[in-house]
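Enquirer: Structure incoming, see below.
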Amino acid sequence: MDEKRIARIEEMEARLDRLCAWLKGGEGDVSEDYRLLDGYYRSPLWRADFEADEAGQLPAGLRRGVLSEDAMYDALTEYESRKAGEACGKKVYFAGSIRGGRGLVELYQRMISYIKREHTVLTEHVGNLSLQKSNVDTEIYANDMAWLKESDLVIAECSTPSLGVGYELAYAERIGKPAHVFYRKDVGLSAMLTGDPYFQLHPYEEESEIYPILDSILHSRGTSM
């Protein structure tokens, strides 16, 4: 019995288990598992182990999913696809008050700049300190609806009441876009938001509390609620 071969298969099987668990929503860093599995799958060792299995040279009770060509290919390619998607970043629709009041525009700008380090903000004009009306209302509406549909999620700062932001959030819910609502704890947020379980609410006291929450939102895999 080739003990070295058995130990190798057991190690790779454990790595495949961790990779598959991550693909199903598990936590942790599996980049090393992926790297070693990929190298093993591409090497003559995998083919030799596969042929040994075909020849009946492995113990009957040995777990050997790693020797399934379909299982290995599917797991490795799905991981590669997921990581490629993460590298591209997310498309964020940032919502903040414009005509309802621009008292927090500098905060909007800082939040947008923070998000843009790794992701795309489709509505970065919301944080423009010198924003002026340049389009007619029908064009503004058409642009915003198109950006909402294109986005992966909505992040709204709602400390300043705004009919426009409320409409955008309602539309996001209608089309199934994850929506995160930030607001100061001393603000009486509308019951239409606090009473709707669809929205993820993030009350804060200090601005410094915002950024770790943004990290958690934007670095999560997927955009589901």
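Enquirer: Go through (1) under 21 Å from residue 145 (Cα atoms); (2) touching a Cys at 6+ places or on another chain (Cβ under 6 Å) for residue 176 and report which single condition fails.
Expert: Against the list (1) under 21 Å from residue 145 (Cα atoms); (2) touching a Cys at 6+ places or on another chain (Cβ under 6 Å), residue 176 comes up short only on (2).
Enquirer: Could you tell me whether any residue of segment 129-144 is modelled with pLDDT under 95, of a type in the set (A, V, I, L, M) and under 24 Å from the mean Cα position of the chain (by Cα)?
Expert: No, segment 129-144 has no match at all.
Enquirer: Follow-up question, since we're still on this one. Any residue at all in segment 71-94 that is of a type in the set (Gly, Ala, Ser) and within 18 Å of residue 214 (Cα to Cα)?
Expert: So far as segment 71-94 goes, yes, one or more of its residues are of a type in the set (Gly, Ala, Ser) and within 18 Å of residue 214 (Cα to Cα).
Quick grid of which residues meet (1) more than 20 Å from residue 20 (Cβ to Cβ); (2) among the charged types (D, E, K, R):
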site: 33; (1), (2): no, yes
site: 49; (1), (2): no, yes
site: 54; (1), (2): yes, yes
site: 67; (1), (2): no, no
site: 72; (1), (2): no, no
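Enquirer: Looking only at segment 154-188, count every residue that is of a type in the set (A, V, I, L, M), over 24 Å from residue 114 (Cα atoms) and touching a residue at least 24 places away in the same chain (Cβ under 8 Å) and tell me the total.
Expert: 2
Enquirer: Every residue in segment 21-76 that is surrounded by 14 or more Cβ atoms within 10 Å (Cβ to Cβ), of a type in the set (Ser, Thr, Tyr) and free of Cβ contacts under 8 Å to residues at least 24 places away in the same chain, please.
Expert: Correct list: 68 only.
Enquirer: Is at least one residue of segment 212-224 of a type in the set (Lys, Arg) and in contact with a helix residue (DSSP H, G or I) (Cβ under 9 Å, 6 or more places away or on another chain)?
Expert: Yes: one or more hits.
Enquirer: Which condition breaks for residue 187 when tested against (1) β-branched (Val, Ile, Thr); (2) under 18 Å from residue 123 (Cβ atoms); (3) over 21 Å from the mean Cα position of the chain (by Cα)?
Expert: It fails just one condition, (2).
The values are calculated or read from the model by the stated rules, or taken from the named source; none is laboratory data. Please read all numbers here as calculations on a predicted model, not as lab measurements. Cβ sites come from the backbone with ideal geometry, for glycine too, and all protein chains shown count toward neighbours.
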